[in-house]
Amino acid sequence: MSVDLRVEDGVATITLNRPERSNALNQEHYRGLSTAWIEVRDDSNIRAAIITGAGDKSFCAGADLKEFIPNPPEAREMWLTQTDQLLNRGLEVWKPIIAAVNGWCLGGGMTLLFATDIRLAASHAQFGLPEIKRGIIAGNGGTQRTLMNLPYPLAMEMLLTGDPIDAATAKNWGIINKVVSADELMPKAMEYAHRIARNAPLAAQASKELALRSRDVDLATGLRMEQMFNRFLMSTQDATEGARAFQEKRAPRFVGN
């Protein structure tokens, strides 16, 4: 399958496995990616996820335009908004997601990156939104999430020039957390994922949801939501376990309940 999913020790690794096409996605691969995200969302054994690309040249080159442009979807599909939902196109996945960018991150790969929570890149990675050079726009959230992730002039530079930036610039602009060597990329991503997975999973998901929803609500509403979420979390087994483990000076054993 061109989208591989592996789960080990509470961490899911999704690999876009089409290196001969720079891990570009056609309709079949988008469906496979949607299925993978839904499994991450619904499997209670998964506490964190990593998304990466196969090979050492490309994370994801976005949509496979050689297939999409000559074969656009039918007009009626415009309103099938719940079909094959993606992380960057409406699917709500509150589990923490780490991007391990192992090469070119372009177009839909970039908008996928913008929908992740922690982002690592190999030093040779390149980032860009080149759609404007092909006569189209950055879709699947490209025109929306770029300004959420970057100051206005930097976002508009990416959207309007279509020119790529290197990993050092991406880190300087705040798009990614760390730049590492290619051989350190997956070990570092896995280290992050395991650090997250050791924490209380319900609290991790609540933290992510509240942080993202803060973009859409006023401060008073956000503070009230935060209070309500914390009141709920205090009633869970994990909160009891966290307090007991602190008192007994040991590592907590969270179960997500």
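Every number here is computed from the coordinates shown, using simple stated rules; none is lab data. Remember, it's a predicted structure, so these values are computed and weren't measured experimentally. Please note: Cβ atoms are built from the backbone with ideal geometry, for glycine as well, and neighbour counts cover all protein chains shown.
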Report summary line: Rounded to the nearest whole number, the per residue volume of the convex hull around the C-alpha atoms of the chain in Å³ is 143 Å³
Query raised in the report: Ignoring the sites themselves, what is the longest stretch of the chain with no trypsin sites (Lys or Arg not before Pro) in a DSSP loop and at most 13 other beta-carbon atoms within 10 Å?
Result: 1-214
Query raised in the report: Rounded to the nearest 0.05, what FRET efficiency is calculated for Glu241 and Asp4 with R0 set to 45 Å and r the Cβ-Cβ distance?
Result: 0.85
**Report entry** lysines whose Cα lies under 26 Å from that of Lys178, excluding same-chain neighbours fewer than 8 positions away
**Finding:** Lys57, Lys95, Lys188, Lys208
Query raised in the report: How far apart, in nm, are the 7 Å Cα→Cβ label points at Leu233 and Glu191?
Result: 2.5 nm
Query raised in the report: By the scheme Lys and Arg +1, Asp and Glu -1, what is the net charge of all other residues having a beta-carbon under 14 Å from that of Lys188?
Result: +1
Requested in this report: Using a 10 Å Cβ count of at most 12 others and DSSP loop calls, identify the longest part of the chain lacking such GluC sites (Glu not before Pro).
Outcome: 93-257
Query raised in the report: How much net charge surrounds Leu147 when only other residues with a Cβ under 12 Å from its Cβ are counted (Lys, Arg +1; Asp, Glu -1)?
Result: +1
Report task. Can you pull the one-decimal nm distance between simple spin-label points at Glu39 and Glu20, each 7 Å off the Cα toward Cβ? Result -> 2.3 nm
Query raised in the report: Given a Förster radius of 35 Å and the C-beta distance between Glu92 and Arg250 as r, what FRET efficiency does 1/(1 + (r/R0)^6) yield to the nearest 0.05?
Result: 0.55
Query - Largest-first principal axis extents of the Cα set of segment 201-248 (Å) - result: 40, 16, 14
Report summary line: Taking every alpha carbon pair in segment 148-257 and sorting the distances into 5 angstrom bins from 0 up to the bin holding the longest one, the percent per bin comes out as 2, 9, 13, 13, 13, 15, 14, 10, 6, 3, 1, 0
Query raised in the report: Cross-link partners among lysines for Lys133, C-alpha distance below 20 Å, same-chain residues fewer than 8 apart left out?
Result: Lys66
Query raised in the report: Any idea what the relative contact order of the chain is, in percent, if you count C-alpha pairs under 8 Å spaced at least 6 apart?
Result: 16 percent
Query - the chain: calculated mean residue ellipticity at 222 nm from DSSP helix runs of at least 4, using -39500 (n - 2.57) - result: -12000 deg cm²/dmol
